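To start, the structure under review is shown below, and the notes come after it.
The values are calculated or read from the model by the stated rules, or taken from the named source; none is laboratory data. Everything numeric in this text was worked out from a predicted model, so none of it was measured. Note that we place each Cβ from the backbone using ideal geometry, even for glycine, and neighbour counts take in every protein chain shown. With ligands, DNA and RNA removed, areas are computed over all heavy atoms of the protein, side chains included. Shrake-Rupley method; radii C 1.70, N 1.55, O 1.52, S 1.80 Å.
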Amino acid sequence: MKDLLERYRSLGIKVKKFNIKKSIRITNKIKVSNLINRLKNKGILLKKIGFLDKGFYVTKSRFSLASTPEYLLGYFFIQEAASQLPAEILEPEGIVLDMCASPGGKTIQLAEKAKVVIALENQHNRIKPLLNNLERVSVKNCIVYNIDARKFEFKVDKILLDAPCSGNFIMDNKWFKRQTVENFEKNSELQKELISAAIGNLKKGGELVYSTCSLEPEENEFVIDYALKNFDIDVVKIKCPGDNAFTRIFGKKLDKRIRYCKRLLPHKTKTQGFFIAKLRKND
Amino acid sequence: MIKKFTKKFGNVELFYTKINNSYYLVNKDLIKLSKKIKYKPESIGLFLGKEENGRFTPSLALLEILSKKSKDKIYVKDIGEIDFLYGKDLRERHIIKIEGEIKDGFLKFVQNEYDENLGLGKIKIKNGKIKIRNKIDRGDFLRRER
(Lines give C-alpha, C1' and ligand atoms only; values in the text may rest on other atoms or scores of the structure.)
Protein backbone atom coordinates (compact mmCIF):
# COMPACT_ATOMS: atom_id res chain seq x y z
CA MET A 1 0.00 0.00 0.00
CA LYS A 2 2.85 2.34 0.90
CA ASP A 3 4.49 1.68 -2.47
CA LEU A 4 1.27 2.51 -4.31
CA LEU A 5 0.86 5.75 -2.37
CA GLU A 6 4.42 6.77 -3.29
CA ARG A 7 3.74 5.80 -6.89
CA TYR A 8 0.63 8.00 -6.86
CA ARG A 9 2.62 10.95 -5.57
CA SER A 10 5.01 10.54 -8.51
CA LEU A 11 2.01 10.42 -10.88
CA GLY A 12 0.63 13.68 -9.46
CA ILE A 13 -2.49 12.02 -8.08
CA LYS A 14 -3.76 13.32 -4.74
CA VAL A 15 -5.16 10.42 -2.78
CA LYS A 16 -7.99 12.18 -1.07
CA LYS A 17 -11.10 10.09 -0.68
CA PHE A 18 -14.37 11.94 -1.27
CA ASN A 19 -17.87 10.96 -2.22
CA ILE A 20 -18.45 11.72 -5.85
CA LYS A 21 -21.79 13.23 -6.74
CA LYS A 22 -24.44 10.81 -7.88
CA SER A 23 -25.17 11.27 -11.56
CA ILE A 24 -27.57 10.05 -14.17
CA ARG A 25 -27.88 10.17 -17.93
CA ILE A 26 -31.25 10.92 -19.47
CA THR A 27 -32.12 8.58 -22.34
CA ASN A 28 -33.82 9.31 -25.64
CA LYS A 29 -37.07 7.85 -24.32
CA ILE A 30 -38.15 11.17 -22.82
CA LYS A 31 -37.68 14.88 -23.39
CA VAL A 32 -35.01 16.14 -20.97
CA SER A 33 -37.14 19.04 -19.63
CA ASN A 34 -40.09 16.68 -19.01
CA LEU A 35 -38.02 14.34 -16.89
CA ILE A 36 -36.42 17.20 -14.93
CA ASN A 37 -39.89 18.53 -14.05
CA ARG A 38 -41.32 15.15 -13.19
CA LEU A 39 -38.46 14.34 -10.85
CA LYS A 40 -38.59 17.84 -9.36
CA ASN A 41 -42.23 17.25 -8.44
CA LYS A 42 -41.08 14.19 -6.50
CA GLY A 43 -38.35 16.10 -4.66
CA ILE A 44 -35.47 14.91 -6.86
CA LEU A 45 -33.35 17.80 -8.11
CA LEU A 46 -30.94 17.59 -11.04
CA LYS A 47 -28.10 19.85 -12.15
CA LYS A 48 -26.65 19.69 -15.66
CA ILE A 49 -23.07 18.41 -15.90
CA GLY A 50 -21.27 21.00 -18.00
CA PHE A 51 -19.07 18.64 -20.01
CA LEU A 52 -21.79 16.14 -20.90
CA ASP A 53 -24.63 16.14 -23.38
CA LYS A 54 -27.37 14.57 -21.26
CA GLY A 55 -25.62 13.97 -17.95
CA PHE A 56 -26.98 15.41 -14.69
CA TYR A 57 -25.86 15.46 -11.08
CA VAL A 58 -28.51 14.46 -8.58
CA THR A 59 -28.33 17.27 -6.04
CA LYS A 60 -31.26 16.19 -3.88
CA SER A 61 -33.15 12.93 -3.60
CA ARG A 62 -35.28 11.61 -0.80
CA PHE A 63 -35.31 8.03 -2.02
CA SER A 64 -33.56 5.49 -4.19
CA LEU A 65 -33.54 6.61 -7.82
CA ALA A 66 -33.76 3.03 -9.06
CA SER A 67 -37.15 2.58 -7.39
CA THR A 68 -38.80 5.50 -9.19
CA PRO A 69 -41.31 4.79 -11.98
CA GLU A 70 -39.19 7.03 -14.23
CA TYR A 71 -36.19 4.73 -13.83
CA LEU A 72 -38.32 1.63 -14.41
CA LEU A 73 -39.76 3.28 -17.52
CA GLY A 74 -36.23 3.62 -18.90
CA TYR A 75 -36.03 7.41 -18.82
CA PHE A 76 -32.60 7.49 -17.24
CA PHE A 77 -29.56 5.39 -16.47
CA ILE A 78 -27.63 5.77 -13.21
CA GLN A 79 -24.16 6.38 -14.60
CA GLU A 80 -21.11 8.11 -13.12
CA ALA A 81 -20.17 11.35 -14.90
CA ALA A 82 -16.73 10.34 -16.26
CA SER A 83 -18.07 7.05 -17.58
CA GLN A 84 -20.52 8.95 -19.79
CA LEU A 85 -17.64 10.54 -21.71
CA PRO A 86 -16.24 7.66 -23.84
CA ALA A 87 -19.47 7.07 -25.81
CA GLU A 88 -19.87 10.82 -26.40
CA ILE A 89 -16.28 11.20 -27.55
CA LEU A 90 -16.68 8.32 -30.00
CA GLU A 91 -19.46 10.25 -31.84
CA PRO A 92 -21.21 7.01 -32.82
CA GLU A 93 -22.52 6.50 -36.35
CA GLY A 94 -22.94 3.54 -38.70
CA ILE A 95 -22.13 0.12 -37.28
CA VAL A 96 -20.59 0.46 -33.82
CA LEU A 97 -18.93 -2.29 -31.81
CA ASP A 98 -19.12 -2.16 -28.00
CA MET A 99 -16.48 -4.65 -26.92
CA CYS A 100 -17.15 -4.95 -23.17
CA ALA A 101 -20.80 -3.96 -22.96
CA SER A 102 -22.41 -4.93 -19.63
CA PRO A 103 -24.23 -3.42 -17.76
CA GLY A 104 -25.14 -1.38 -20.83
CA GLY A 105 -25.02 2.32 -19.90
CA LYS A 106 -22.57 3.08 -22.69
CA THR A 107 -24.30 0.65 -25.07
CA ILE A 108 -27.52 2.64 -24.65
CA GLN A 109 -25.64 5.88 -25.34
CA LEU A 110 -24.15 4.39 -28.51
CA ALA A 111 -27.49 2.99 -29.68
CA GLU A 112 -29.07 6.45 -29.56
CA LYS A 113 -26.86 7.62 -32.42
CA ALA A 114 -25.55 4.53 -34.23
CA LYS A 115 -27.36 2.65 -36.96
CA VAL A 116 -26.64 -0.64 -35.20
CA VAL A 117 -24.65 -1.50 -32.08
CA ILE A 118 -22.96 -4.87 -31.82
CA ALA A 119 -22.53 -5.45 -28.08
CA LEU A 120 -20.11 -8.08 -26.81
CA GLU A 121 -19.93 -9.45 -23.29
CA ASN A 122 -17.61 -12.26 -22.35
CA GLN A 123 -18.97 -13.11 -18.90
CA HIS A 124 -22.21 -15.05 -19.06
CA ASN A 125 -23.45 -13.73 -15.69
CA ARG A 126 -23.16 -10.16 -17.00
CA ILE A 127 -25.41 -10.81 -20.01
CA LYS A 128 -28.64 -10.68 -17.99
CA PRO A 129 -28.15 -7.17 -16.57
CA LEU A 130 -27.18 -5.98 -20.05
CA LEU A 131 -30.33 -7.44 -21.64
CA ASN A 132 -32.49 -6.08 -18.80
CA ASN A 133 -31.20 -2.57 -19.32
CA LEU A 134 -31.61 -2.74 -23.10
CA GLU A 135 -35.21 -3.86 -22.64
CA ARG A 136 -35.93 -1.24 -19.96
CA VAL A 137 -34.78 1.56 -22.26
CA SER A 138 -36.41 -0.11 -25.33
CA VAL A 139 -33.21 -0.29 -27.39
CA LYS A 140 -34.18 -1.68 -30.79
CA ASN A 141 -30.92 -1.53 -32.76
CA CYS A 142 -28.57 -3.73 -30.80
CA ILE A 143 -27.27 -7.27 -31.32
CA VAL A 144 -25.75 -8.93 -28.26
CA TYR A 145 -23.13 -11.69 -28.33
CA ASN A 146 -21.77 -13.67 -25.39
CA ILE A 147 -18.22 -13.90 -26.68
CA ASP A 148 -14.64 -13.02 -25.78
CA ALA A 149 -14.04 -9.74 -27.63
CA ARG A 150 -10.51 -10.92 -28.52
CA LYS A 151 -12.03 -13.64 -30.71
CA PHE A 152 -14.74 -11.59 -32.40
CA GLU A 153 -14.19 -10.82 -36.08
CA PHE A 154 -16.28 -8.31 -38.02
CA LYS A 155 -15.36 -4.99 -39.62
CA VAL A 156 -17.18 -1.94 -38.23
CA ASP A 157 -17.13 1.87 -38.51
CA LYS A 158 -16.54 2.72 -34.85
CA ILE A 159 -15.53 0.88 -31.70
CA LEU A 160 -15.82 1.53 -28.00
CA LEU A 161 -13.35 -0.43 -25.92
CA ASP A 162 -14.05 0.34 -22.28
CA ALA A 163 -11.54 -2.21 -21.12
CA PRO A 164 -11.59 -4.30 -17.93
CA CYS A 165 -9.15 -2.68 -15.52
CA SER A 166 -7.99 -2.40 -11.91
CA GLY A 167 -10.48 0.42 -11.17
CA ASN A 168 -9.68 3.33 -8.90
CA PHE A 169 -9.70 4.30 -5.22
CA ILE A 170 -12.71 6.60 -5.54
CA MET A 171 -15.04 3.74 -6.43
CA ASP A 172 -13.46 1.11 -4.17
CA ASN A 173 -12.70 1.74 -0.48
CA LYS A 174 -10.25 -1.17 -0.31
CA TRP A 175 -8.57 -0.36 -3.60
CA PHE A 176 -5.08 0.20 -2.13
CA LYS A 177 -5.29 -3.07 -0.18
CA ARG A 178 -6.45 -5.07 -3.18
CA GLN A 179 -4.14 -3.81 -5.91
CA THR A 180 -0.52 -4.46 -6.86
CA VAL A 181 1.73 -3.39 -9.72
CA GLU A 182 1.70 -7.05 -10.86
CA ASN A 183 -2.08 -6.74 -11.27
CA PHE A 184 -1.66 -3.64 -13.43
CA GLU A 185 0.86 -5.45 -15.62
CA LYS A 186 -1.41 -8.47 -15.96
CA ASN A 187 -4.34 -6.22 -16.93
CA SER A 188 -2.08 -4.43 -19.38
CA GLU A 189 -1.44 -7.66 -21.30
CA LEU A 190 -5.17 -8.33 -21.63
CA GLN A 191 -5.80 -4.71 -22.65
CA LYS A 192 -3.12 -4.94 -25.37
CA GLU A 193 -4.80 -8.07 -26.72
CA LEU A 194 -8.18 -6.32 -26.67
CA ILE A 195 -6.93 -3.18 -28.42
CA SER A 196 -5.20 -5.33 -31.07
CA ALA A 197 -8.48 -7.15 -31.73
CA ALA A 198 -10.31 -3.81 -31.83
CA ILE A 199 -7.98 -2.32 -34.44
CA GLY A 200 -8.30 -5.53 -36.46
CA ASN A 201 -12.07 -5.06 -36.54
CA LEU A 202 -11.94 -1.39 -37.48
CA LYS A 203 -12.55 -0.31 -41.09
CA LYS A 204 -9.90 1.99 -42.59
CA GLY A 205 -10.64 5.54 -41.47
CA GLY A 206 -12.70 4.13 -38.62
CA GLU A 207 -12.37 5.40 -35.06
CA LEU A 208 -11.88 3.72 -31.73
CA VAL A 209 -12.25 5.08 -28.21
CA TYR A 210 -10.20 3.25 -25.60
CA SER A 211 -11.08 3.97 -21.98
CA THR A 212 -10.53 2.60 -18.50
CA CYS A 213 -11.47 3.71 -15.00
CA SER A 214 -7.85 3.10 -13.99
CA LEU A 215 -5.15 5.71 -13.40
CA GLU A 216 -2.25 3.32 -13.97
CA PRO A 217 0.06 4.10 -16.92
CA GLU A 218 0.46 0.34 -17.58
CA GLU A 219 -3.28 0.12 -18.31
CA ASN A 220 -3.48 3.36 -20.24
CA GLU A 221 -0.51 5.15 -21.84
CA PHE A 222 1.50 1.91 -22.25
CA VAL A 223 -1.44 0.27 -24.05
CA ILE A 224 -1.81 3.21 -26.45
CA ASP A 225 1.98 3.32 -26.98
CA TYR A 226 1.90 -0.39 -27.85
CA ALA A 227 -0.96 0.19 -30.33
CA LEU A 228 0.84 3.13 -31.99
CA LYS A 229 4.02 1.08 -32.35
CA ASN A 230 2.30 -1.97 -33.83
CA PHE A 231 -0.55 -0.65 -35.99
CA ASP A 232 -1.13 2.02 -38.62
CA ILE A 233 -3.21 4.30 -36.41
CA ASP A 234 -3.14 7.86 -35.18
CA VAL A 235 -4.31 9.62 -32.02
CA VAL A 236 -7.25 12.00 -32.41
CA LYS A 237 -7.36 15.16 -30.27
CA ILE A 238 -10.33 15.11 -27.92
CA LYS A 239 -12.20 17.81 -26.10
CA CYS A 240 -12.96 16.77 -22.55
CA PRO A 241 -11.90 17.63 -18.99
CA GLY A 242 -8.71 16.17 -17.62
CA ASP A 243 -4.93 16.40 -17.87
CA ASN A 244 -2.92 15.45 -20.94
CA ALA A 245 -1.68 11.88 -20.70
CA PHE A 246 1.98 11.11 -19.93
CA THR A 247 4.58 10.86 -22.68
CA ARG A 248 7.43 10.21 -20.22
CA ILE A 249 6.78 8.04 -17.19
CA PHE A 250 8.67 5.51 -15.04
CA GLY A 251 11.83 6.21 -17.07
CA LYS A 252 10.08 5.35 -20.35
CA LYS A 253 9.73 7.67 -23.31
CA LEU A 254 6.40 7.13 -25.06
CA ASP A 255 4.98 8.27 -28.40
CA LYS A 256 4.45 12.04 -28.22
CA ARG A 257 0.95 11.79 -29.72
CA ILE A 258 -0.21 10.21 -26.47
CA ARG A 259 -0.38 13.71 -24.98
CA TYR A 260 -3.72 14.09 -26.79
CA CYS A 261 -5.23 11.39 -24.58
CA LYS A 262 -6.83 12.49 -21.32
CA ARG A 263 -6.52 11.32 -17.73
CA LEU A 264 -9.25 12.47 -15.37
CA LEU A 265 -7.79 12.91 -11.90
CA PRO A 266 -10.43 12.76 -9.14
CA HIS A 267 -9.04 15.68 -7.14
CA LYS A 268 -9.29 17.92 -10.22
CA THR A 269 -12.38 16.71 -12.12
CA LYS A 270 -14.39 15.62 -9.06
CA THR A 271 -15.23 12.43 -10.92
CA GLN A 272 -13.84 8.94 -10.55
CA GLY A 273 -10.43 8.35 -12.08
CA PHE A 274 -10.59 7.80 -15.84
CA PHE A 275 -8.46 7.56 -18.96
CA ILE A 276 -9.73 8.23 -22.50
CA ALA A 277 -7.98 7.91 -25.86
CA LYS A 278 -9.41 8.28 -29.35
CA LEU A 279 -7.63 6.55 -32.21
CA ARG A 280 -8.16 6.55 -35.98
CA LYS A 281 -7.14 3.75 -38.32
CA ASN A 282 -5.24 5.27 -41.22
CA ASP A 283 -6.55 4.85 -44.80
CA MET B 1 -47.59 -18.11 -30.06
CA ILE B 2 -46.73 -14.40 -29.93
CA LYS B 3 -49.39 -13.75 -32.58
CA LYS B 4 -52.05 -15.37 -30.42
CA PHE B 5 -51.11 -13.03 -27.59
CA THR B 6 -50.93 -9.81 -29.63
CA LYS B 7 -54.22 -10.63 -31.37
CA LYS B 8 -56.03 -10.20 -28.05
CA PHE B 9 -55.19 -6.52 -28.22
CA GLY B 10 -56.08 -5.73 -31.82
CA ASN B 11 -54.28 -5.94 -35.13
CA VAL B 12 -50.69 -5.11 -34.32
CA GLU B 13 -48.19 -6.12 -36.98
CA LEU B 14 -44.73 -6.85 -35.61
CA PHE B 15 -41.70 -7.87 -37.67
CA TYR B 16 -39.98 -10.33 -35.40
CA THR B 17 -37.46 -13.14 -35.30
CA LYS B 18 -36.95 -16.00 -32.88
CA ILE B 19 -33.82 -17.18 -31.06
CA ASN B 20 -34.39 -20.43 -29.17
CA ASN B 21 -37.70 -19.77 -27.36
CA SER B 22 -37.44 -15.97 -27.35
CA TYR B 23 -38.98 -13.45 -29.75
CA TYR B 24 -37.30 -10.19 -30.84
CA LEU B 25 -38.59 -7.15 -32.68
CA VAL B 26 -36.21 -6.55 -35.59
CA ASN B 27 -35.92 -4.69 -38.86
CA LYS B 28 -34.44 -5.83 -42.18
CA ASP B 29 -31.11 -4.07 -41.56
CA LEU B 30 -30.59 -5.94 -38.28
CA ILE B 31 -31.39 -9.29 -39.85
CA LYS B 32 -29.13 -8.57 -42.83
CA LEU B 33 -26.26 -7.59 -40.56
CA SER B 34 -26.67 -10.54 -38.20
CA LYS B 35 -26.48 -12.92 -41.17
CA LYS B 36 -23.06 -11.52 -42.06
CA ILE B 37 -21.73 -12.18 -38.54
CA LYS B 38 -20.65 -15.75 -38.01
CA TYR B 39 -21.62 -16.07 -34.33
CA LYS B 40 -24.98 -16.88 -32.74
CA PRO B 41 -26.43 -13.85 -30.96
CA GLU B 42 -27.85 -13.83 -27.44
CA SER B 43 -30.38 -11.25 -28.51
CA ILE B 44 -31.19 -9.14 -31.53
CA GLY B 45 -33.36 -6.02 -31.52
CA LEU B 46 -35.98 -5.64 -28.82
CA PHE B 47 -36.97 -8.59 -26.63
CA LEU B 48 -40.69 -9.26 -27.03
CA GLY B 49 -41.21 -12.29 -24.83
CA LYS B 50 -40.62 -16.00 -24.56
CA GLU B 51 -42.36 -19.35 -24.72
CA GLU B 52 -42.14 -21.55 -21.68
CA ASN B 53 -44.02 -24.79 -21.07
CA GLY B 54 -46.32 -24.06 -23.97
CA ARG B 55 -47.17 -20.56 -22.72
CA PHE B 56 -46.12 -17.17 -24.01
CA THR B 57 -44.86 -14.59 -21.50
CA PRO B 58 -44.75 -11.07 -22.94
CA SER B 59 -41.83 -8.78 -22.24
CA LEU B 60 -42.42 -5.38 -20.67
CA ALA B 61 -41.20 -3.84 -23.92
CA LEU B 62 -43.95 -5.67 -25.85
CA LEU B 63 -46.60 -4.48 -23.39
CA GLU B 64 -45.36 -0.94 -23.87
CA ILE B 65 -45.75 -1.26 -27.66
CA LEU B 66 -49.19 -2.89 -27.51
CA SER B 67 -50.53 -0.47 -24.91
CA LYS B 68 -49.99 2.45 -27.28
CA LYS B 69 -52.54 1.02 -29.71
CA SER B 70 -54.92 -0.63 -27.30
CA LYS B 71 -58.20 0.59 -25.86
CA ASP B 72 -58.09 -1.91 -23.01
CA LYS B 73 -56.46 0.21 -20.36
CA ILE B 74 -56.70 0.99 -16.69
CA TYR B 75 -55.36 4.35 -15.57
CA VAL B 76 -54.06 4.49 -12.02
CA LYS B 77 -53.28 7.22 -9.50
CA ASP B 78 -49.77 7.90 -8.10
CA ILE B 79 -50.35 5.65 -5.12
CA GLY B 80 -51.60 2.86 -7.36
CA GLU B 81 -48.58 3.29 -9.63
CA ILE B 82 -46.14 2.70 -6.79
CA ASP B 83 -48.10 -0.22 -5.34
CA PHE B 84 -48.41 -1.87 -8.74
CA LEU B 85 -44.66 -1.47 -9.42
CA TYR B 86 -44.03 -3.22 -6.11
CA GLY B 87 -45.93 -6.20 -7.49
CA LYS B 88 -49.19 -5.53 -5.65
CA ASP B 89 -52.74 -5.85 -6.95
CA LEU B 90 -54.86 -2.75 -7.56
CA ARG B 91 -58.11 -1.84 -5.82
CA GLU B 92 -60.86 0.56 -6.80
CA ARG B 93 -59.33 3.41 -4.79
CA HIS B 94 -56.19 3.21 -6.99
CA ILE B 95 -58.08 3.54 -10.25
CA ILE B 96 -58.72 6.76 -12.20
CA LYS B 97 -60.65 5.11 -15.04
CA ILE B 98 -61.02 1.91 -17.00
CA GLU B 99 -61.24 1.92 -20.80
CA GLY B 100 -62.83 -0.89 -22.79
CA GLU B 101 -65.07 -3.69 -21.59
CA ILE B 102 -65.09 -4.49 -17.88
CA LYS B 103 -65.50 -8.24 -17.46
CA ASP B 104 -64.11 -10.72 -14.99
CA GLY B 105 -60.93 -12.30 -16.34
CA PHE B 106 -60.20 -9.59 -18.95
CA LEU B 107 -56.60 -8.48 -19.38
CA LYS B 108 -55.92 -4.75 -19.24
CA PHE B 109 -52.83 -2.61 -19.73
CA VAL B 110 -52.09 -0.73 -16.53
CA GLN B 111 -51.17 2.89 -17.29
CA ASN B 112 -50.09 5.78 -15.09
CA GLU B 113 -51.55 9.27 -15.37
CA TYR B 114 -49.18 10.05 -18.28
CA ASP B 115 -50.55 7.04 -20.22
CA GLU B 116 -47.25 5.18 -19.76
CA ASN B 117 -47.42 1.44 -19.44
CA LEU B 118 -46.59 -0.04 -16.05
CA GLY B 119 -47.53 -3.62 -16.87
CA LEU B 120 -50.49 -5.92 -17.33
CA GLY B 121 -53.38 -6.65 -14.98
CA LYS B 122 -56.37 -9.01 -14.94
CA ILE B 123 -59.83 -7.84 -13.87
CA LYS B 124 -61.36 -9.70 -10.96
CA ILE B 125 -64.92 -8.87 -9.97
CA LYS B 126 -66.18 -10.11 -6.62
CA ASN B 127 -69.40 -8.97 -4.92
CA GLY B 128 -69.62 -6.09 -7.41
CA LYS B 129 -66.17 -4.80 -6.48
CA ILE B 130 -63.32 -4.57 -8.96
CA LYS B 131 -59.81 -5.73 -8.21
CA ILE B 132 -56.93 -5.76 -10.71
CA ARG B 133 -54.61 -8.69 -10.27
CA ASN B 134 -50.99 -7.89 -11.08
CA LYS B 135 -49.86 -10.19 -13.90
CA ILE B 136 -46.59 -8.43 -14.70
CA ASP B 137 -45.15 -5.01 -13.89
CA ARG B 138 -42.04 -2.95 -14.65
CA GLY B 139 -40.78 -3.34 -11.08
CA ASP B 140 -39.66 -6.69 -12.43
CA PHE B 141 -36.58 -4.97 -13.86
CA LEU B 142 -35.35 -4.54 -10.27
CA ARG B 143 -36.55 -7.89 -8.96
CA ARG B 144 -34.83 -9.82 -11.77
CA GLU B 145 -31.41 -8.63 -10.68
CA ARG B 146 -31.76 -9.45 -6.99
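Numbers below:
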{"item": "Residue count, the range A:249-268 (criterion: surrounded by fewer than 19 Cβ atoms within 10 Å (Cβ to Cβ), part of a helix (DSSP H, G or I) and at pLDDT 95 or above)", "result": "3"}
{"item": "Residue within the range A:228-250 that is out of contact with any helix residue (DSSP H, G or I) (no Cβ under 9 Å at 6 or more places or on another chain) and closer than 26 Å to A:Thr180 by Cα present", "result": "yes"}
{"item": "Those residues of the range B:54-89 which are part of a strand (DSSP E or B), in contact (Cβ under 8 Å) with a residue 60 or more places away in the chain and within 12 Å of another protein chain (Cβ to nearest Cβ), in sequence order", "result": "B:Pro58"}
{"item": "Only listed residue being in contact (Cβ under 8 Å) with a residue 24 or more places away in the chain, buried (at least 19 other Cβ atoms within 10 Å of the Cβ) and within 11 Å of chain B (Cβ to nearest Cβ), chosen from A:Ile108, A:Ile127", "result": "A:Ile127"}
{"item": "Members of the range A:186-216 that are assigned to a helix (DSSP H, G or I) and either buried (at least 24 other Cβ atoms within 10 Å of the Cβ) or modelled with pLDDT under 95 (or both)", "result": "A:Gln191, A:Ile195, A:Ala198"}
{"item": "Residue list for the range B:27-50, filter: more than 8 Å from every other protein chain (Cβ to nearest Cβ) and in contact with a helix residue (DSSP H, G or I) (Cβ under 8 Å, 6 or more places away or on another chain)", "result": "B:Leu48, B:Gly49"}
{"item": "Residue tally, condition under 15 Å from A:Leu215 (Cα atoms) and exposed (fewer than 12 other Cβ atoms within 10 Å of the Cβ), over the range A:228-247", "result": "1"}
{"item": "Only listed residue being at pLDDT below 95 and either surrounded by 15 or more Cβ atoms within 10 Å (Cβ to Cβ) or within 14 Å of chain B (Cβ to nearest Cβ) (or both), chosen from A:Asp172, A:Asp162, A:Asp148, A:Asp157", "result": "A:Asp172"}
{"item": "Residue list for the range A:19-40, restricted to those being open to solvent by less than 50 Å² (accessible area, probe 1.4 Å), in contact (Cβ under 8 Å) with a residue 60 or more places away in the chain and either more than 21 Å from the chain's Cα centre (by Cα) or within 26 Å of A:Lys174 (Cβ to Cβ) (or both)", "result": "A:Ile20, A:Ser23"}
{"item": "Residue among A:Gly12, A:Gly50, A:Gly43 that alone is free of Cβ contacts under 8 Å to residues at least 12 places away in the same chain and either in a loop (DSSP other than H, G, I, E, B) or touching a Leu at 6+ places or on another chain (Cβ under 9 Å) (or both)", "result": "A:Gly50"}
{"item": "Residue in the range B:118-146 that is nearest to B:Leu107 (Cα to Cα), counting only those that are within 11 Å of chain A (Cβ to nearest Cβ) and open to solvent by 30 Å² or more (accessible area, probe 1.4 Å)", "result": "B:Asp140"}
{"item": "Residue check for A:Arg280: open to solvent by 60 Å² or more (accessible area, probe 1.4 Å) and without any contact (Cβ under 8 Å) to a residue 24 or more places away in the chain", "result": "no"}
{"item": "Residue satisfying condition, being of a type in the set (Phe, Trp, Tyr), assigned to a helix (DSSP H, G or I) and at pLDDT 95 or above, within set A:Phe246, A:Phe222", "result": "A:Phe222"}
